[in-house]
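Contents: one structure, followed by commentary.
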Amino acid sequence: MATKKNFSDSLSRGLRRENDLRTRVDDRFEKADHVLSDRPNGLLEPSSQRPVSGHLPPAVEALISGASVKKRFVRLPLQALVSNPLNSRSFYSPEAISARAASIQKEGQLVPVLVTPNPERAGEYFLIDGHYRRQAMQALGRTDIECCVLEQLAPIDFYRLSKALNHERESESVLDVALGLKRLREQGIARTDEDLVSIAGENASKISKLLALLDLPSSVQELMHEHPQTFGINIAYELALYLKASDTAATDALAKRIVAESLTFRKVEALRKALEQGIKSKKQLSRQYRLRDEGGQDLGTLKEWDSGRVVLDIRFDDTSKREALVDELRRRLGADAHARLDT
């Protein structure tokens, strides 16, 4: 518990540092975007030689080029690595792990994983990027892995660096992003939606849509993990709106239909709107009338619905007037004098 608290405190300090140095950080990410424009295959492209003491790909160098960040290459025991507490990715495909293991078995580890020391535990490192490589190594029975250790990395960069790497490889689903935002809140680094906007670099509208995905049923979330290219932010958010107008079973059925029929956003939107319109048409309209006596004093209300229901709610101070009205209603409506309902 102490480690988690200290880490959260460290993250909070990192957020303050982020706000002070935002211009410099944004410049670093702009440099990364410039480099990536010439690298359509992503950030960590395999090289023919293992970079034991060489350089990281240019995009990664740009992201960590702050004056205080230093790097070194070293092999570390797998057991010394712990998952990045702010990793923006949550789901790892077993098939992809097997494919990565086969590649490493054949060609070796061509790209180091990115780690940073855990300041609270000597000899332990947070894994910033390379979770697939670590799991592949474990599947192969390996005990150590080649790493690039980033020294003096600000905690706030844990999330931003991981998100940038996953995003540029297009290996991150919108649900991964949503869960990453959730972790930012759980760790106490983001206390408000405004904090999330600042850290994630997204507008408030998109942050709101992403957070709405966390309410989707687990079965739908699993489908979104398995088919990240199918469920972009717009279709995923339509599912969240559909859930509000229906139930878990109906939303799960629609998600499966999206996958099976490759439904477009416009089609999903139309289905959601049709459902909402159907619900509105089923709602009964009502009309209410205020009743007054001869002197203009309020007596109560008369309310009617399209369904045929009528409710009369009035109060008489004069007992004789009340009895007269009740007798008149009984006469008109054919009430049985011997069938009074006691309450």
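What about LEU114, is it hydrophobic (A, V, I, L, M, F, W, C), outside any loop (DSSP other than H, G, I, E, B) and in the same structural domain as LYS163 (by TED's automatic domain parsing)?
Numbers: hydrophobic (A, V, I, L, M, F, W, C): yes; outside any loop (DSSP other than H, G, I, E, B): yes; in the same structural domain as LYS163 (by TED's automatic domain parsing): yes.
Yes.
For THR230, all conditions in the list (1) surrounded by fewer than 17 Cβ atoms within 10 Å (Cβ to Cβ); (2) assigned by TED's automatic domain parsing to the domain that holds ALA96; (3) β-branched (Val, Ile, Thr) hold save one; what is the number of the exception?
(2)
Would you mind listing the helices (runs of 4 or more DSSP H) fully within the stretch 119-213 where at least 1 residues are modelled with pLDDT of 85 or more and not assigned by TED's automatic domain parsing to the domain that holds PRO77?
Details: elements: 131-139, 156-168, 174-186, 193-200, 204-212.
Because the criterion is at least 1 residues that are modelled with pLDDT of 85 or more and not assigned by TED's automatic domain parsing to the domain that holds PRO77, the helices (runs of 4 or more DSSP H) in the stretch 119-213 that meet it are 174-186, 193-200, 204-212.
Of the conditions (1) in contact (Cβ under 8 Å) with a residue 12 or more places away in the chain; (2) exposed (fewer than 13 other Cβ atoms within 10 Å of the Cβ), VAL259 clears all except one; give me its number.
It is condition (2) that VAL259 fails.
The values are calculated or read from the model by the stated rules, or taken from the named source; none is laboratory data. Keep in mind the model is a prediction, meaning the values are calculated, not measured. Cβ atoms come from the backbone with ideal geometry, glycine included; neighbour counts cover every protein chain shown.
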